[in-house]
Amino acid sequence: MTSVPVVRIRGALVAAMQEDIDDHAALELADRLAGDVAEHGARVVLLDVSAAQVVDSFISRVIVDVARVCRLLGAQVAVVGMRPAVAITLVELGLTLEGVQTALTIDDAMDALEDGAGGAGWHA
């Protein structure tokens, strides 16, 4: 079982999904982020998926569900570092990240946060 670290960087919760994340760790991540957002009133969650070369349907659904849960709890969510294969899998599965920003790197996401919602680092 691989636990996903969650750290605070410049006021944002950042969770870095590892390439070898298993189903249990993915579910643990969803629960932990929801709890951290609610407990600490976090306004921003960055989900770094850059280590994932490819994802299966379960992990794809977890990415989408984590983003939705955090948004429902009032946090702005960005998925960071998505590789083409991961994006293709999400599209093929019909999963959307509606209302979720994306950024190429954590630095891009942080810069966009500092610039406001319309920052140049965000991708639609």
If we ask which residues in the range 90-104 are within 21 Å of residue 19 (Cβ to Cβ) and either touching a residue at least 60 places away in the same chain (Cβ under 8 Å) or open to solvent by 70 Å² or more (accessible area, probe 1.4 Å) (or both), their number turns out to be 4
Inside the range 67-79, can you point out the residues that are within 16 Å of residue 43 (Cβ to Cβ) and touching a residue at least 24 places away in the same chain (Cβ under 8 Å)? 67, 69, 70, 71, 73, 74, 75, 76, 77, 78
What residue, of 59, 106, 88, is modelled with pLDDT under 85 and among the aliphatic types (A, V, I, L, M)? 59
Residues of the range 29-41 that turn out to be modelled with pLDDT under 90 and within 14 Å of the chain's Cα centre (by Cα), as a count: 2
So which residues in the range 74-89 are open to solvent by 10 Å² or more (accessible area, probe 1.4 Å), more than 10 Å from residue 50 (Cα to Cα) and either among the aliphatic types (A, V, I, L, M) or assigned to a loop (DSSP other than H, G, I, E, B) (or both), if there are any at all? 74, 85, 87, 88
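Taking the range 69-111, which residues are of a type in the set (Asp, Glu) and under 10 Å from the mean Cα position of the chain (by Cα)? Working first, answer last.
So in the range 69-111, the residues of a type in the set (Asp, Glu) come out as 92, 98, 107-108, 111.
Hits for the range 69-111: nothing passes.
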Which residue pairs have Cβ atoms closer than 7 Å, lie 6 or more positions apart in sequence or on different chains, and pair a first residue in the range 2-22 that is within 21 Å of residue 102 (Cβ to Cβ) with a second residue that is modelled with pLDDT under 75 and assigned to a loop (DSSP other than H, G, I, E, B)? 18/2; 21/2
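Which ranges mark the strands (runs of 3 or more DSSP E) fully within the range 1-72 that have 3 or more residues being within 22 Å of residue 113 (Cβ to Cβ) and open to solvent by 20 Å² or more (accessible area, probe 1.4 Å)?
On the way: elements: 6-9, 12-16, 44-48.
Counting at least 3 such residues, we get 6-9.
The values are calculated or read from the model by the stated rules, or taken from the named source; none is laboratory data. All values reported here derive from a predicted model rather than from experimental measurement. Glycine also receives a Cβ, built like all others from the backbone with ideal geometry; neighbour counts cover every protein chain displayed. Protein only, heavy atoms only, side chains kept; ligands, DNA and RNA dropped before computing areas. Shrake-Rupley method; radii C 1.70, N 1.55, O 1.52, S 1.80 Å.
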